[in-house]
Amino acid sequence: MKRRTAVLISGRGSNMAALLANAADPAYPAEIALVLSNRPEAPGLELAARAGVPCLVIDHKRFGPDRGAHEAVIDRALRQAGIELVCLAGYMRLLTPFLVQGWAGRMLNIHPSLLPAFPGLNTHARALAAGVKLHGCTVHLVTERIDSGPILAQAAVPVLPGDTETALTNRVLRQEHILYPLTLALVASGLPGRTDPGTALLNPLPPETRAA
Ligand code: GRF
């Protein structure tokens with residue numbers, strides 16, 4: 001049985017698209033059963049709709065500063081859709097303990113850095129400014145402290161001489177699109193188990209270096 005998975009987005013949705021593309025494989029252990037956006041204008045919604053995935057907009061602006069009320073509606077929608085796993089993919093809202101605790105161990109996020117380095121925003125510019133030689137992305141479980149939950153998987157890329165922020169962003173993003181589907185597959189097939197979430201570490205190779 002495929003795990004019913006929701007993807008929460010706020011924008012472009014390229015990670016969502018990568019999850020959808022992988023989930024199209026009949027052998028993939030998760031099904032993207034719902035795409036939910038807090039922004040009606042998120043370009044990712046159109047991608048999801050074109051792929052025939054049920055989409056829902058729950059606009060946070062309708063709720064003013066009441067994050068709890070917004071999340072209560074999201075939580076209800078997830079449960080009504082029979083969702084088992086939630087993937088945050090460029091979902092740009094801070095979550096309250098209500099949603100985080102309600103989905104503990106079942107909510108994943110992708111972050112564009114090798115956590116615990118560079119939590120928060122503007123990770124690529126900060127990595128360049130810090131002069132790190134390795135950068136990358138992390139898939140982790142969501143906990144109440146932002147970008148701090150147990151790490152499930154990471155992919156590293158080199159920072160090359162003369163790199164621009166755009167070049168580095170794109171290099172990391174290519175890895176995100178490999179790493180997130182692999183990690184969701186691991187979690188959806190029960191590895192790592194929900195009670196022992198921190199045991200898997202992936203080092204996906206770029207497609208061109210994989211064995212045929
Ligand atoms: C990605 O870099 C992801 O790591 C971060 O937000 C960005 C979302 O991009 N959390 P997209 O909407 O998936 O294209």
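The values are calculated or read from the model by the stated rules, or taken from the named source; none is laboratory data. On a predicted model such as this, the values are computed, not experimentally measured, just so you know. Cβ: placed from backbone, ideal geometry, glycine included. Neighbour counts: every protein chain shown. The protein model used for the area step is the full one, side chains on, heavy atoms only, and it has no ligands, DNA or RNA in it. Shrake-Rupley method; radii C 1.70, N 1.55, O 1.52, S 1.80 Å.
Assess whether residue 42 counts as being crowded, with 19+ Cβ neighbours inside 10 Å and within 14 Å of the chain's Cα centre (by Cα).
So residue 42 does not fit the description; no.
Going by the conditions given, is residue 141 free of Cβ contacts under 8 Å to residues at least 60 places away in the same chain, under 30 Å from residue 59 (Cα atoms) and open to solvent by less than 40 Å² (accessible area, probe 1.4 Å)?
Yes, satisfied.
Give just the number: which of (1) surrounded by fewer than 19 Cβ atoms within 10 Å (Cβ to Cβ); (2) farther than 16 Å from residue 77 by Cα does residue 54 not satisfy?
The number of the failed condition is (2).
Within the stretch 84-104, does at least one residue satisfy the condition of being at positive phi and more than 16 Å from the chain's Cα centre (by Cα)?
no
Can you name the residue in the stretch 112-137 that is open to solvent by 10 Å² or more (accessible area, probe 1.4 Å) and outside any loop (DSSP other than H, G, I, E, B) and, of all such residues, is nearest to the ligand (Cβ to nearest atom)?
The qualifying residue nearest to the ligand (Cβ to nearest atom) is 124.
Check whether at least one residue in the stretch 92-104 is under 16 Å from residue 187 (Cα atoms) and surrounded by 14 or more Cβ atoms within 10 Å (Cβ to Cβ), and report yes or no.
yes
Count, please, the residues in the stretch 138-188 that happen to be of a type in the set (Ser, Thr, Tyr) and assigned to a helix (DSSP H, G or I).
4
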